[in-house]
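Derivation of every value follows stated rules applied to the coordinates shown; laboratory data play no part. None of these values were measured; they are calculated from a predicted model. Cβ sites come from the backbone with ideal geometry, for glycine too, and all protein chains shown count toward neighbours.
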C-alpha cells in the first residue's frame, strides 16, 4: 500500500477486476530478475504511457486520474523505480 492506503492489488467489481490498471506483477521476483536492458525498456514504455506521452489506442482509455494514482502508488511502493517517474500532468 502507498502512503494513502492504495494498492495495485485493490479489487473493483465496477467494470474491471482491479481498481488501477497496472499489474501487481511488477512486484514479483520474476520481474526483478529480468535483464537490466529489458527492465529499462519496460520502465521507459510504462512512463511514456502513464505520463500521457503515448495516448493512442489502447492507452487512450486510461484516465488522467488513474495514471496519476498509478504513478503515485509506484513511487511509494516500488523500490528501484526510475527517478523520471514524476508528476503526471497531461
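Considering only 30, 63, 38, the mean-square fluctuation computed in a Gaussian network model of the chain, springs between alpha carbons under 10 angstrom, is largest for 30. Extension gain, residue 23-residue 76: 0.36 nm per intervening residue step, less the Cα-Cα distance, totals 17.5 nm. By the count of neighbouring beta-carbon atoms within 10 Å, fewest first, 26, 70, 42 end up ordered 42, 26, 70.
Residues 66, 60, 40, 83, ranked from the fewest to the most other C-beta atoms within 10 Å, line up as 83, 60, 40, 66.
Extension gain, residue 4 to residue 32, is 7.6 nm, computed as 0.36 nm per intervening residue step minus the present C-alpha separation. For the chain, the fraction of C-alpha pairs farther apart than 17 angstrom is 50 percent. Comparing mean-square fluctuations of 74, 50, 62 from a GNM of the chain with C-alpha springs under 10 Å, the top value falls on 62. Sorting 25, 46 by the number of Cβ atoms found within 10 Å of their own Cβ, with the fewest placed first, yields 25, 46.
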